[in-house]
1. Which of (1) modelled with pLDDT of 65 or more; (2) not in a helix (DSSP H, G or I) does Phe19 not meet, given it meets every other one?
2. I'd like the residue in region 245-290 that is open to solvent by less than 50 Å² (accessible area, probe 1.4 Å) and among the charged types (D, E, K, R) and, out of all such residues, is nearest to the chain's Cα centre (by Cα).
3. The conditions are (1) loosely packed, with under 14 Cβ neighbours inside 10 Å; (2) modelled with pLDDT of 90 or more; (3) in a loop (DSSP other than H, G, I, E, B), and Asp152 fails exactly one of them. Which is it?
4. Select, from Asn6, Asn28, the only residue that is surrounded by fewer than 17 Cβ atoms within 10 Å (Cβ to Cβ), at pLDDT below 70, under 21 Å from Ala127 (Cβ atoms) and more than 15 Å from the chain's Cα centre (by Cα).
5. State whether the residues of region 305-320 include one that is open to solvent by 40 Å² or more (accessible area, probe 1.4 Å) and over 17 Å from the mean Cα position of the chain (by Cα).
6. Out of (1) under 14 Å from Leu241 (Cα atoms); (2) surrounded by fewer than 18 Cβ atoms within 10 Å (Cβ to Cβ); (3) out of contact with any helix residue (DSSP H, G or I) (no Cβ under 8 Å at 6 or more places or on another chain), what's the single condition that is false for Cys215?
7. Considering only residues that are of a type in the set (A, V, I, L, M) and assigned to a helix (DSSP H, G or I), which ones fall in region 173-218?
8. Take residues that are closer than 30 Å to Ala156 by Cα and in contact with a Gly (Cβ under 6 Å, 6 or more places away or on another chain) and tell me which of the strands (runs of 3 or more DSSP E) falling wholly in region 286-325 contain 1 or more.
Amino acid sequence: MGLIENPKTYTGRDLETIFFRPMLTGENAEQLGIRVLYNMPVPTTIQMWSPAADVLQKYSSGWTGGNSATRKQKTITMHKIKAEVGYSASDYFAQVYELITGRADVNMDDLTGTELEKAETEMFRAAIAESLRASMWLGDTLNTSTPLNKFDGFIALIRNYNASFDFPVVDFSEKTLSADTVAGLLDEMWKKASPVLKSLKGEGNLAFFVTSDVCESYERYLDGKGADAAYNDMVAGRRTLSYHGIPIVDINVQKYMPQAGFDSSSFAMLTDRRNLALAVNTADYPGTEVRMWYNPDEMENRQRAVFMVGCEILDEELLVKVDFA
């Protein structure tokens, strides 16, 4: 176990290329289902351009043009946070060793320090990714009783917008979510959507972001359809769900909702994926690092990451939210 006790510190370029970028780009970013901004210049400001509705004019001499586009600008508030994990030496080695044995390309008779380092890094990276995923939805800085209070997630941002913006809301408080009502709920969300949001359907980025109970109700609704395809799907399962061509994304946070203080365990929202932004920065702040070391006094392997993170809904008009009971 000597190799696993060697301290490792990632800063600067190594912090980006080895630790965070693999977690926040490519397929890993797509799995989050939202827009991920990594190491954007600080302050992280997003420009949203909308073309003018009609720039065509009858031909005439002289200049009759005006602004060809309108611009909306939003700054994502960044919060400095840290992640810390401690394992007993025996448990730590067992977990890292399990990650190594699960790979077919590893020679178990020649475990180099590089192989151990990759396994350690992957284990810590997976823990941070899951915490980011939970916090980007349920984070609430006003709720001091929940551990998810480091920065405001999308649900808290929507709650804050309720007082300032008039965006569409579907009132489902008097109904019970079931296979009989879920299709009507999705249909009502689509009907409530603004014309601008509906016009984005052809670009393929609209999605229903829902909790697992909404997905389960919708699957039971599909199971009840009297068709061979419905029977086959019920037996083999469905890898993805969609309603009228719009994907239904399970945000998979219900296990965190009780500790986050949510009265209702249900959530549903229709928006464009690009409208939800998670920003992570490891380049523009002093002290950002990832460190892994062994503490001989406590006989404990420890991991720590320090970085900046923030969430924002870029255009509150491009969403439809459901109020459950």
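1. In the conditions (1) modelled with pLDDT of 65 or more; (2) not in a helix (DSSP H, G or I), Phe19 misses (2) alone.
2. Asp272
3. (1)
4. Values: Asn28 fails: more than 15 Å from the chain's Cα centre (by Cα).
Residue meeting the stated conditions: Asn6.
5. Looking for residues that are open to solvent by 40 Å² or more (accessible area, probe 1.4 Å) and over 17 Å from the mean Cα position of the chain (by Cα), one finds at least one in region 305-320, hence yes.
6. Only one criterion is unmet by Cys215, namely (2).
7. Scanning region 173-218 gives Val182, Ala183, Leu185, Leu186, Met189, Val196, Leu197, Val214.
8. 300-313
The values are calculated or read from the model by the stated rules, or taken from the named source; none is laboratory data. Worth saying up front: this structure is predicted, and the values here are computed from it rather than measured. Note that each Cβ is placed from the backbone with ideal geometry, even for glycine, and that neighbours are counted across all protein chains shown. With ligands, DNA and RNA removed, areas are computed over all heavy atoms of the protein, side chains included. Shrake-Rupley method; radii C 1.70, N 1.55, O 1.52, S 1.80 Å.
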